Structures are given as C-alpha cells and as structure tokens.
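Heads up: the structure comes next, in structure tokens.
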Amino acid sequence: MATVAIYSLKGGVGKTTLSVNLAWCAATLSARRTLLWDLDPQAASTWVLGGAGKVDQAQAMFSKDVPVAKQARPTAYRHLDLIAADASLRGLDQLFHDLDKKKRLAKLLADLKTYDRVILDCPPGLTETADQVMRAADLIVIPVIPSPLSTRAYEAVVDHLGGRTALLPVHVMVDKRRALHAEALDRHSDWPVIPMASGIESMAVKRAPVGVFAPKSAAAQAFADLWRRIEHRLSA
C-alpha cells in the first residue's frame, strides 16, 4: 500500500480536483484498489463522489478506537472507496496537538493495507494536520498555479520539509496563452501540467471525475499522464 497526499500551503489551487481525478485514475486505469480519504472539513471530494459526510464522526477516528477501515464506503466507481469528511474535522489540528502523537495518521493508515493506493485530500496550511500528512505520505503531490504567490507557497513547503518526504509539484490551471504561465512552464519544464479546461470546471456540476464524462478530453489525458508518472515514482 502506498499513500499519496494532495497538499498545498495555499487554498484554491485545485487539491480536490487532483484528488478525485487521481483516485479515479488509480482505480479505473490502473485497477488498483483505491481509497480516497477526505481530510478537508469543506468535504469537497466527499461531495463530488456522492459520499454522505453528514454525521460529525470524521474526527472520531483519530481520537477514539474507531476502526478506520470500517469507515470506508464504496463509491459509484469500481475499486474506489471513500472515507468521507465532515465539519468535525475543523477541530482536527487542535486534536492532534492535544493527543501529542506525531504519527497518529501514519498508524491509522497502517490499518488500510487491503488497499493498494490511498489518496489523501488535505486541507491547506502548515498545520498539525499537515505535519501528520508529511510524516505519513510516501509522496506529496503539490498543485502549483503558475503565479508568484503559488510558487512562493510551494517553496515554503519545500523549505519546511527539508527533503524528508518525496514531492511532486504539478502546474495546474494552466493557460499557455498567458505570458506568465508560459514563463513558469519554461522555468520548470519537467513539472507535469494540468490545463485550464471547461471539463474540469464541469466536475462540480456533473459530480464526477473528468474521465467519466469527458474521457477523450485534454484534461482527462493530463490526469491519466500524471497518474502514470505517480505510479512510476511509487515503484522506483
């Protein structure tokens, strides 16, 4: 089992978009038994995948002896399960601080070995939750909009980690017609690219991964290419 965290210091950079589409790619294209664990109290991944997330129980897995594997529920897609988020996760940072167990998340992930891949949709910020994720993940995928502020946030994460965890930065919301974006892509030509696309924006309307309703689109191909690159990194 390998754990891939989708994380950024900044909000609004497409973490949920990456989480849902990469989890779908893992389950559908690679036929991996995949779990998407939504750790963000906004519960956007939960909503897109049709999870309930209405009962305030998401935090209980961290503080009580609640078997984490039993909280996973099947989605509409074969091989893809979901652990839903809800509003109780707003207090997760304080709970981690009070528990003073630096590897609590890693311990819970160890109970999910029936899965091949676990995707973590993480809340933004350098928080107690972020530190738990950084200790537990095998790979952290960081979405970076080609802009100075987003790049600065990525560099802050790199400095904070100090090489302790493998990172994969990904340029997202890319419009190659914009000079700022083109310049950023030239500086980091080895980073994967997810384009700005109407199909991605339609996810919130369709409540489905892009590969389900627009399988031949450039966006669907970009997510598939990114997943193949992640699989290569995990198997290296």
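The values are calculated or read from the model by the stated rules, or taken from the named source; none is laboratory data. Bear in mind that the values here come from a model prediction, so they are computed numbers and not experimental data. Please note: Cβ atoms are built from the backbone with ideal geometry, for glycine as well, and neighbour counts cover all protein chains shown. Just the protein is used for accessible areas: all its heavy atoms, side chains included, with ligands, DNA and RNA removed. Shrake-Rupley method; radii C 1.70, N 1.55, O 1.52, S 1.80 Å.
Size of segment 7-93 from its Cα atoms: along the principal axes, largest to smallest, the extents are 35, 31, 18 Å.
Once you've got the Cα coordinates, tell me which of Lys113/Lys216; Lys15/Lys216; Lys70/Lys206; Lys107/Lys206 are over 31 Å apart. Among Lys113/Lys216; Lys15/Lys216; Lys70/Lys206; Lys107/Lys206, the Cα-Cα distance tops 31 Å for Lys113/Lys216; Lys107/Lys206. Radius of gyration over Kirkwood radius for segment 196-236, both on Cα atoms: the Rg/Rh ratio is 1.08. Charge dipole of segment 29-88 (Cα centre as origin; +1 on each Lys and Arg Cβ, -1 on each Asp and Glu Cβ, all else neutral): 300 debye, rounded to the nearest 20.
In the chain, the portion of solvent-accessible area held by carbon and sulfur atoms comes to 50 percent [1.4 Å probe, whole percent, DNA, RNA and ligands not counted]. Over the C-alpha trace of segment 42-113, radius of gyration and Dmax come out as 12.6, 38 angstrom.
With the charge dipole of segment 113-222 set up from +1 on Lys and Arg Cβ and -1 on Asp and Glu Cβ about the Cα centre, the Cα lying farthest toward the positive end among the listed residues Ala204, Gly125, Val170 is that of Ala204.
Given axes a ≥ b ≥ c from the Cα gyration tensor, I'd like to know whether segment 13-152 is rounded (a/c under 1.5), prolate (a/b larger than b/c) or oblate. Note, shape of segment 13-152 comes out rounded. Note down the Stokes-Einstein diffusion coefficient of segment 93-228 in µm²/s, whole number, using a Kirkwood radius over alpha carbon pairs, 10 °C, and 1.306 mPa s. Once the numbers are plugged in, D ends up at 94 µm²/s. The residues packed around Ile230, meaning those with a beta-carbon under 13 Å from its beta-carbon, carry a net charge of +1 if Lys and Arg are +1 and Asp and Glu are -1. Simple point charges give the picture: +1 on the Cβ of Lys and Arg, -1 on the Cβ of Asp and Glu, and for the chain a dipole about the Cα centre of about 520 debye. For the chain, treating each Cα as an identical point scatterer without solvent, what Debye log10 I(q)/I(0) comes out at q = 0.10, 0.14, 0.16 1/Å? Relative scattering, expressed as log10 I(q)/I(0), comes to -0.42, -0.86, -1.14. Pull out a ≥ b ≥ c, the square roots of the eigenvalues of the alpha-carbon gyration tensor of segment 88-153, then state rounded if a/c is under 1.5, prolate if not and a/b is larger than b/c, and oblate in the remaining case. Taking the square roots of the gyration eigenvalues as a ≥ b ≥ c, segment 88-153 is oblate. Per residue, how large is the accessible surface of the chain? Use a 1.4 angstrom probe and give square angstrom. Value for the chain: 47 Å² per residue. Placing +1 on the Cβ of every Lys and Arg and -1 on the Cβ of every Asp and Glu, with no other charges, gives segment 11-145 a dipole of roughly 420 debye about its Cα centre. The 1.4 Å probe gives accessible areas that order Val66, Val144, largest first, as Val66, Val144.
In terms of its C-alpha gyration tensor, segment 157-236 has an oblate overall shape, because the principal axis ratio a/c (a ≥ b ≥ c, square roots of the eigenvalues) is not below 1.5 and a/b does not outweigh b/c.
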